[in-house]
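Single-structure report; data block below.
The values are calculated or read from the model by the stated rules, or taken from the named source; none is laboratory data. Please read all numbers here as calculations on a predicted model, not as lab measurements. Here Cβ is always computed from backbone atoms with ideal geometry, including for glycine, and neighbour counts include all displayed protein chains. The accessibility values were calculated without ligands, DNA or RNA, using every heavy atom of the protein model including side chains. Shrake-Rupley method; radii C 1.70, N 1.55, O 1.52, S 1.80 Å.
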There are 2 protein chains.
Amino acid sequence: MSTIALPTYEDVQAAARRIEGHAHRTPVMTSRTVNEAFEADVFFKCENLQRMGAFKFRGAFNALSKFSEAQRKAGVVAFSSGNHAQAVALSARLLGIPATILMPLDAPAAKMDATRGYGGRVVTYDRYTEDREQIGQDLAREHGLTLIPPYDHEDVIAGQGTAVKELFEEAGELDALFVPLGGGGLLSGSALSTRALAPGCKLYGVEPEAGNDGQRSFRSGEIVHIDTPQTIADGAQTQHLGLLTFAIIRRDVDDILTARDEELTACMRFLAERMKLVVEPTGCLGFAAARSMKQQLRGKRIGVLVSGGNVDIDRFGALMRNA
Amino acid sequence: MSTIALPTYEDVQAAARRIEGHAHRTPVMTSRTVNEAFEADVFFKCENLQRMGAFKFRGAFNALSKFSEAQRKAGVVAFSSGNHAQAVALSARLLGIPATILMPLDAPAAKMDATRGYGGRVVTYDRYTEDREQIGQDLAREHGLTLIPPYDHEDVIAGQGTAVKELFEEAGELDALFVPLGGGGLLSGSALSTRALAPGCKLYGVEPEAGNDGQRSFRSGEIVHIDTPQTIADGAQTQHLGLLTFAIIRRDVDDILTARDEELTACMRFLAERMKLVVEPTGCLGFAAARSMKQQLRGKRIGVLVSGGNVDIDRFGALMRNA
């Protein structure tokens with residue numbers, strides 16, 4: 001295995017300085033109902049209240065603010081049907097950088113509109129016949145654009161790590177921390193902050209049960225690739241971890257857990273009813289795993305990262321009806 | 001007109017000391033999307049994130065913490081089908097006071113369960129044939145209980161005033177402030193804080209258009225009584241203001257505005273989609289009125305009190321489908 005340079009906590013600290021005043025320092029919320037149910041102290045880091053509704057803004061803004069003058073002029077390209085698209089589009093607008101976002105032809109109109117609303121130029125592709133990574137690389141090469149991938153990039157990882165840095169600064173020491181896992185940008189960034197600020201804290205990544213490639217990779221020591229999993233957690237439908245994210249996760253994370261879709265909808269309902277928060281299915285992964293480990297967590301101080309709140313409100317209502 | 005002793009800002013300050021450490025100091029949230037739409041700075045005081053989901057906890061806890069030893073032993077009685085019931089039940093539990101809550105026979109099971117969950121003894125009555133005020137007074141007299149009405153009580157008013165006190169402390173000076181209006185406890189308490197901390201700030205009460213008794217009372221100078229209005233804003237279906245609340249509102253408030261149900265559902269949708277907050281229809285009154293005055297508010301600093309988030313999640317979904 002050849003060595004690769006991994007980002008460090010110093011990169012997270014630098015990212016924190018870059019995003020300050022641009023990203024929200026999101027609230028850390030507590031609920032006495034939750035604490036009574038857990039017989040523990042639970043701290044929710046509410047990235048659903050981040051700009052554009054998810055933690056993704058942190059990594060995108062950090063990456064784009066490091067662009068050289070030439071890169072800024074030429075522009076950025078990103079591919080995503082979800083939060084990363086909006087994060088890059090918004091960051092680019094704030095920094096005066098032209099943004100091209102590759103989205104599948106059949107992406108929800110609302111998401112395309114949101115991306116355009118943030119000033120991004122949307123280029124569509126057929127996700128059944130075309131390869132978005134190839135199109136992105138072609139666009140980058142032809143027009144001199146800089147491609148910012150959704151998770152396997154050191155500046156993206158460092159930016160995502162700022163959320164957990166803020167959580168430790170506000171909540172103090174924790175015994176266990178639960179973080180949603182898709183491609184691993186958030187989890188690996190969180191790992192950098194956790195190992196620097198709370199070396200003894202157990203750190204768990206949580207992914208949908210239907211797409212447990214991360215768990216299998218973590219346990220086997222090799223990056224496992226899977227087909228796009230069927231799950232309501234659309235932010236965690238990634239098919240594999242990245243090289244950088246896997247290396248950090250393997251080194252710094254204690255275990256990878258999974259949650260079933262019905263646990264996610266139960267958590268969405270609970271967070272809406274009791275904490276008055278709109279959280280997307282992916283955003284509930286950490287809380288769902290913590291709930292199923294409740295016995296072991298008694299008397300502890302627990303962090304739960306709520307990663308985002310971008311769920312179509314009509315879909316939200318429909319999920320609640322079946323929860 | 002005989003003179004009545006009205007609570008003052010000193011009472012609000014004393015209430016703030018009593019509730020400290022028991023009530024949440026709720027966050028003041030901002031949204032760049034809202035600020036861009038308004039071309040103004042809008043500060044949302046999020047009482048939907050208060051304990052038991054609404055500002056009502058402030059007033060109830062303040063009132064109950066002033067009980068004498070004898071009153072504590074005998075207990076408290078309250079009548080309410082909504083947030084006041086839960087606020088009294090929870091405050092009583094925290095203070096070790098037995099609570100009896102009068103609720104209509106046909107109150108939603110969820111609300112009865114919530115009240116019982118907070119330790120309250122629920123006594124039901126038939127709202128078509130029985131008079132709850134009479135039953136409450138009878139219970140109070142027979143068993144020596146202290147009756148805490150939902151709004152027309154000086155300690156309740158002073159407690160509710162603490163929310164706006166916190167808003168000014170955090171947001172600084174404001175040019176205009178929009179507060180939901182039902183029986184007037186929140187608005188009159190807010191008026192005490194506003195006149196003490198920001199004498200030049202315009203203060204508006206906002207009630208449902210279908211139940212504009214407050215507006216008519218304010219403009220005519222006499223308390224107008226109406227039938228229970230048909231509106232989705234179930235927290236503002238009061239039939240008349242109180243003697244105390246009316247006197248303060250008449251003296252200190254700049255105007256009473258109204259909002260239609262469809263404006264409330266549009267605001268609920270906006271707050272859920274863009275700010276990831278679950279807000280009950282009544283809680284949207286202030287924001288709805290501010291939106292319809294947008295032209296006049298350009299360039300100003302505006303406060304919006306979001307009063308509560310206690311809406312059944314299935315009803316929430318249904319309201320969103322029709323918004």
Margin query: Ignoring everything except DSSP H segments at least 4 long, calculate the 222 nm mean residue ellipticity for the protein assembly as shown; use -39,500 (n - 2.57) per segment, divide by total residues, nearest 500.
Written below: -14000 deg cm²/dmol
Next item on the list: Using only Cα atoms, find the angle between the long axis of helix A:83-95 and the longest principal axis of chain A, and express it within 0 to 90 degrees, rounded to the nearest 10.
Entry: 60
Check: PRE reach from A:Arg17 (point 7 Å along Cα→Cβ): which of the range A:139-162 fall under 19 Å by backbone N?
Finding: A:154-162
Next item on the list: Among DSSP beta bridges whose residues both lie in the protein assembly as shown, state the antiparallel percentage, nearest 5.
Entry: 10
Notebook entry, point to check: Using the alpha-carbon atoms, what tilt in degrees (0 to 90, nearest 10) does helix A:243-252 show relative to the longest principal axis of chain A?
Noted result: 20
Margin query: Please report the accessible area of B:Lys66 (heavy atoms, 1.4 Å probe, ligands and nucleic acids excluded) in Å², nearest 10.
Written below: 100
Check: What are the distances, in nm and sorted shortest first, from the label point of A:Arg260 to the label points of the same position in each other copy, with each label point placed 7 Å from Cα along the Cα-to-Cβ direction?
Finding: 4.7
Check: Amide H neighbours of A:Val206 under 5 Å, counting only residues 5+ apart in sequence or on other chains, H built in-plane at 1.01 Å?
Finding: A:Val179, A:Leu181, A:Leu257
Checklist line | Isolated Cys residues of chain A, judged by Cβ distance under 4.7 Å to other cysteines | finding: A:Cys46, A:Cys201
Margin query: Assuming 0.36 nm per residue, please report the length gained on full extension of the stretch A:Ala70 to A:Leu105 beyond their Cα-Cα distance.
Written below: 9.5 nm
Check: Once the Cβ-Cβ distance between A:Leu243 and A:Glu10 is put in as r, and R0 is 22 Å, what FRET efficiency do you end up with, to the nearest 0.05?
Finding: 0.60
Next item on the list: For the range A:222-236, take each phi angle, set θ = phi - 60°, evaluate the Karplus expression 6.51 cos²θ - 1.76 cosθ + 1.60, and give the result in whole Hz per residue in order, putting x for glycine and proline.
Entry: 10, 5, 8, 9, 10, 6, 3, x, 8, 7, 6, 7, 5, x, 10
Item checked: From phi via Karplus (6.51, -1.76, 1.60), per-residue ³J(HN,Hα) for the range A:276-290 in Hz, x at Gly/Pro -> 6, 10, 8, 10, 6, x, 4, x, 8, 4, x, 5, 4, 5, 4
Next item on the list: Over all directions, average the projected area of the Cα convex hull of the range B:92-223 and note it in nm².
Entry: 10.7
Item checked: Counting all C-alpha pairs of the protein assembly as shown, share separated by more than 37 Å (%) -> 39
Next item on the list: Give the carbon-plus-sulfur fraction of the accessible surface of chain B in %, rounded to a whole number; probe 1.4 Å, heavy atoms of protein chains only.
Entry: 46
Item checked: Rounded FRET efficiency, nearest 0.05, which uses the C-beta distance separating B:Leu94 from A:Arg216 and R0 of 41 Å -> 0.30
Next item on the list: Determine the distance separating the Cα centre of the range A:250-316 from the Cα centre of the range A:194-214; give it in Å without decimals.
Entry: 13
Note to self: Nearest 100 Å² is fine: what is the total accessible surface buried where chains B and A meet, probe 1.4 Å?
What the structure shows: 2200
Next item on the list: Give the span of the range B:210-289's Cα atoms along each principal axis, as three whole-Å numbers ordered largest to smallest.
Entry: 40, 26, 17
Notebook entry, point to check: Given label points at 7 Å from Cα along Cα→Cβ, what nm distances, shortest first, separate B:Pro199 from the same residue in every other copy?
Noted result: 6.0
Notebook entry, point to check: B:Asp312 versus B:Glu169, label points 7 Å from Cα toward the beta carbon: distance in nm?
Noted result: 3.7
Next item on the list: Take the Cα radius of gyration of the range A:1-82 and divide it by 2.2 N^0.38 Å, with N its residue count; two decimals is plenty.
Entry: 1.49
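On alpha carbon coordinates alone, what is the Rg over Rh value for the range A:178-323, Rh being the Kirkwood radius?
Here Rg/Rh amounts to 0.96.
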Checklist line | Spatial extent of the range A:193-239: Rg and Dmax, with the Cα atoms as the point set, Å | finding: 13.0, 36
Item checked: Positions from the range B:271-320 whose accessible area shrinks by 50 Å² or more when the full protein complex is built, not the chain alone, probe 1.4 Å -> B:Lys276, B:Val278, B:Ile313, B:Asp314
Item checked: Per-copy distances of the A:Leu95 label point, shortest first, in nm (7 angstrom along Cα→Cβ) -> 5.5
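Let me check I've understood the local charge: for A:Tyr125, count other residues with C-beta under 12 angstrom from its C-beta, Lys and Arg +1, Asp and Glu -1. What total comes out?
Charge balance in the 12 Å sphere: -4.
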Margin query: Below 8 Å, C-alpha to C-alpha, sequence gap of six or more: please give me the relative contact order for chain A in percent.
Written below: 21
Next item on the list: Report, to the nearest 10°, how far helix A:132-143 tilts away from the longest principal axis of the Cα atoms in chain A, using its own Cα long axis and a range of 0 to 90°.
Entry: 40
Note to self: Whole-Hz ³J(HN,Hα) for each residue in the range A:110-117, computed from phi via Karplus 6.51 cos²θ - 1.76 cosθ + 1.60 with θ = phi - 60°, x for glycine and proline: what do you get?
What the structure shows: 4, 6, 5, 4, 4, 5, 5, x
Item checked: Charge tally in the Cβ shell below 12 Å around B:Gly286, where Lys, Arg are +1 and Asp, Glu are -1, B:Gly286 excluded -> -1
Check: Taking the Cβ of B:Ile135 as the center, what net charge do the other residues with Cβ under 14 Å away carry, scoring Lys and Arg +1 and Asp and Glu -1?
Finding: -2
Next item on the list: Might you report the magnitude of the Cβ-based charge dipole of chain B about its Cα centre, with Lys and Arg at +1 and Asp and Glu at -1, to the nearest 20 debye?
Entry: 720
Next item on the list: Return the long-range amide H neighbours of A:Thr146 (sequence gap of 5 or more, or a different chain), with a cut-off of under 5 Å between placed amide H atoms.
Entry: A:Gly75, A:Val76, A:Val77
Next item on the list: Would you mind estimating how fast the range B:246-323 diffuses translationally, via Stokes-Einstein at 20 °C and 1.002 mPa s with the Kirkwood radius over Cα pairs, in µm²/s?
Entry: 158
Next item on the list: Point me to the residue of chain B whose C-beta lies closest to the B-onto-A rotation axis, rounding the distance to whole angstrom.
Entry: B:Gly317, 1
Checklist line | Antiparallel %, DSSP beta bridges [both residues in chain A], to 5 | finding: 10
Notebook entry, point to check: In square angstrom, what is the accessible area per residue of chain B with a 1.4 angstrom probe?
Noted result: 39
Margin query: Under the rule of at least 5 residues apart or a separate chain, name every residue whose amide H is placed under 5 Å from the amide H of B:Val278.
Written below: A:Leu277, A:Val278
Checklist line | Rg ratio (alpha-carbon, reference 2.2 N^0.38 Å) - chain B | finding: 0.93
Note to self: Quick check: pseudo-label points 7 Å beyond the Cα along Cα→Cβ at A:Arg260 and B:Asp255, how many nm apart are they?
What the structure shows: 5.7
